[in-house]
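Accompanying notes for the structure given below.
The values are calculated or read from the model by the stated rules, or taken from the named source; none is laboratory data. Quick caveat, the model's predicted, so the values are computed rather than measured. Reconstructed Cβ throughout: ideal geometry from the backbone, glycine too, with neighbour counts over all protein chains shown.
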Amino acid sequence: MERFFAVLEETMNKSSINQFKNFVERYSDVTKWFMCSDYCFDDKSKANNVVSFVIYPYILDFNEWNDVIYSMQKNDLKNCRKVSPLFCDFVKAGYIFSFNFILDRNCILDKWKDKASMDTAIQDLINMTELWQQTTPKNAERYKMMNKKLKSLQYQTNRKTFNYKLLGRVMGVTFLASYLKYLLLREVPRIEIFSWMSDRDAITNWNGEIYLELYQIISHCLICNHLTPQKNNEVTEVAIENIDKNMFHDSLNRVADFICGGIADFNYSDGSVTGAKQCKLIEDAISDNDYLIILKISENGVARGLHKKITD
């Protein structure tokens, strides 16, 4: 994971970081932030596997944010007839910031899907949570619960049907979410509350929502190792448990759903899309957007992806 962190940092800390800094400077006095996400994996009708995140400053409460987005797009991309011009303008207006990762086949993250790598990672996490119970006794109960869930996961790996591919995917997505939390804490002077609210799918529903434990551990390590433990302790993480039954953030996740759907549909080899909705998103929301970054993760590393509007 440290190797991937270094590769990601090398690419992010070029032109991409200036875009993000310009965004967060607009909200430097905001101390509450949240992040939504959506994913497209293994869809044969789409050109790309994509993981999309949208970062929101808490300048409106959740109900107000929901109302704003619902007023522009009442349904997810697959269920709407067209993309609203107001929605496209909103995505480019600087109220939110979107990070998007295109995952090539056999990319760096795919190396986490093999049995040996995953077995080692699970054991390392178990050892870590056992150590934390000794070094941070005030949080011992929390770490005991993490440890118990990780040992249950380890036990399940003995089954012939255990899905290492899905575990690797969960690890990859939680690492990316953890990295963006780290990046936000690095660039914003003071954050009191942060929350990651994922779309509900196989990643979040799998194995008793184990993604939450993985995310909490990975984000803790990234922030403590590359910022400071104090920085990590200053932030209260609000976790959304039983996410499959929580509907309040559906509209908030709609922005990530639309951006993810547009990028997943875009064929980089010939510049084609499959429909008018996707064309509208690429042309009017994603291309030339100062508040949106696309990073392509390949077998060899991470590269910046650019979308420029095509003009006659």
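A few comments on the model shown:
- Any hit, segment 261-279, residues being within 25 Å of ASN163 (Cα to Cα) and of a type in the set (A, V, I, L, M, F, W, C): yes
- Residue count for segment 13-40, restricted to those that are in contact with a helix residue (DSSP H, G or I) (Cβ under 7 Å, 6 or more places away or on another chain) and surrounded by fewer than 19 Cβ atoms within 10 Å (Cβ to Cβ): 1
- Any hit, segment 13-26, residues being assigned to a loop (DSSP other than H, G, I, E, B) and either of a type in the set (D, E, K, R) or on the phi < 0 side of the Ramachandran plot (or both): yes
- For segment 206-237, the set of residues classified as of a type outside the set (Gly, Ala, Ser), exposed (fewer than 13 other Cβ atoms within 10 Å of the Cβ) and touching a residue at least 24 places away in the same chain (Cβ under 8 Å) consists of THR236 only.
- Among the residues of segment 147-174, those identified as among the hydrophobic types (A, V, I, L, M, F, W, C) and under 22 Å from GLU2 (Cα atoms) are LEU150, LEU166, LEU167, VAL170, MET171, VAL173.
- Inter-residue pairs, beta-carbon under 9 Å, first of a type in the set (Phe, Trp, Tyr) and in segment 104-122, second outside any helix (DSSP H, G or I), 6+ apart: TRP112/MET1
- First in segment 82-98 and touching a residue at least 12 places away in the same chain (Cβ under 8 Å), second anywhere and buried (at least 17 other Cβ atoms within 10 Å of the Cβ) and of a type in the set (Lys, Arg), Cβ under 8 Å, 6 or more apart: LYS82/LYS277; LYS82/LYS280; VAL83/LYS277; VAL83/LYS280; CYS88/LYS280
- For PHE62, the criteria (1) out of contact with any His (no Cβ under 9 Å at 6 or more places or on another chain); (2) over 18 Å from PHE266 (Cβ atoms) hold in every case but one, which is (1).
- Single residue of segment 166-201 satisfying the filter (crowded, with 22+ Cβ neighbours inside 10 Å, among the aromatic types (Phe, Trp, Tyr) and assigned to a helix (DSSP H, G or I)) that is farthest from the chain's Cα centre (by Cα): TYR182
- Residue that is modelled with the lowest pLDDT [pool: residues in segment 110-129 that are crowded, with 16+ Cβ neighbours inside 10 Å and within 20 Å of ASN225 (Cβ to Cβ)]: TRP112
- Scan of segment 19-63 for residues that are closer than 30 Å to ASN106 by Cα, free of Cβ contacts under 8 Å to residues at least 60 places away in the same chain and acidic (Asp, Glu), ordered by number: ASP42
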